[in-house]
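The values are calculated or read from the model by the stated rules, or taken from the named source; none is laboratory data. This one's a predicted model, so the numbers in the text were calculated from it and none came from an experiment. A quick note on method: Cβ atoms are made from the backbone with ideal geometry, for glycine too, and the neighbour counts reach across all protein chains shown. SASA here: full protein model, heavy atoms, side chains in, ligands and nucleic acids out. Shrake-Rupley method; radii C 1.70, N 1.55, O 1.52, S 1.80 Å.
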Amino acid sequence: MEAVSRAGRIIGTLVIVQMICGVVVNFVLEAPLFDAPGFLANAAHHSRQIGFAAILGLITEAIWVGIAVTAFPFFYRYSRAMTLWFAALAVVVLAVAVVENTAVMSMVSLSEAYSKASAVDRGQLETIRIVVASARNWPHFLARMLDGCTIFAFYTVLYQGALVPRALAGFGLIAAVLQICAVAMPLLGHDVVFPLLAPLGMIQLILAVWLIARGFRDNRNLVSAVDV
């Protein structure tokens, strides 16, 4: 019982750290990539900051692997199939994050070349700007969709095992679906629907506070034989 509660508190802490890192990476450290007049002019002057953002971005996604490893021994009791999905998705999210952050550093490299180029050469570099930016943007959207899938698997096990109040886990499932829909919009030619991301941020914070305060419930009597 104590081991399960302790694991819950560790995961709650990791969720808080992940949320903070996500905000810092996307809205602070990577801001020069998206501020006017654009990454070609900005990134070279903030290369160290953006490099740190790439490292922190990888750490942020690696936290999913840490959560999966911490949760695996007791999640497996309640849903073997979904626990394996959760662990696999955590690894896939990290792999996609490597691709995304490699592309981020390519944006920095192009900006550095742009800052040293002549007027003629700058014109040529501007023609490939959209290609380099897209090489970062599409993996970013896919990674956020996979984040949503990982979170869905996470809350599914929480719901099945009643490891937290089922109302909390149920709301988490709905919020995860909303995130997937919100960040899938660019694939359909539309902008990200940011208001749909708010429920997940709220429920993740509530879950983290709950876990830090109370840990997971140890409901071994609810272990299902379905996934034997």
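How high is the FRET efficiency from T102 to F72, r the C-beta distance, R0 35 Å, rounded to 0.05? The value I calculate is 0.80.
Considering only Cα atoms, the convex hull volume of the stretch 85-161 works out to 62 Å³ per residue.
All Cα-Cα distances of the stretch 14-62, cut into 10 Å bins from zero to the largest, leave 30, 49, 19, 3 percent in each bin in turn. Average accessible surface for the chain: 49 Å² per residue, computed with a 1.4 Å probe over protein heavy atoms with every protein chain in place. For the chain, the residue among S5, V91, A36 whose Cα projects farthest onto the positive side of the dipole built from Cβ charges is S5.
In a simple Cβ point-charge model (Lys, Arg +1; Asp, Glu -1; nothing else charged), the stretch 26-141 has a dipole of about 300 debye relative to its Cα centre. About the centre of its Cα atoms, the chain shows a dipole size close to 600 debye [charges on the beta carbon of Lys, Arg (+1) and Asp, Glu (-1) only; nearest 20 debye]. Along the stretch 81-91 the Karplus relation, 6.51 cos²θ - 1.76 cosθ + 1.60 evaluated at θ = phi - 60°, assigns HN-Hα couplings of 5, 5, 5, 5, 4, 4, 5, 5, 5, 4, 5 Hz to successive residues, with x for each Gly and Pro. Plainly put, the stretch 27-143 has a radius of gyration that is 1.15 times its Kirkwood radius, both from alpha-carbon atoms, as the Rg/Rh ratio. Atom-type composition of the exposed protein surface of the chain places 70 percent of the accessible area on carbon and sulfur (1.4 angstrom probe). Averaging 1/r over every pair of different alpha carbons in the stretch 97-228 and inverting the result gives a Kirkwood radius of 17.7 Å.
Over the stretch 137-184, the hull volume per residue, using the convex hull of the C-alpha atoms, is 47 Å³. In the stretch 63-114 the Cα-Cα distances spread across 5 Å bins starting at 0 as 5, 20, 19, 14, 10, 9, 8, 7, 4, 3, 1, 0 percent of all pairs.
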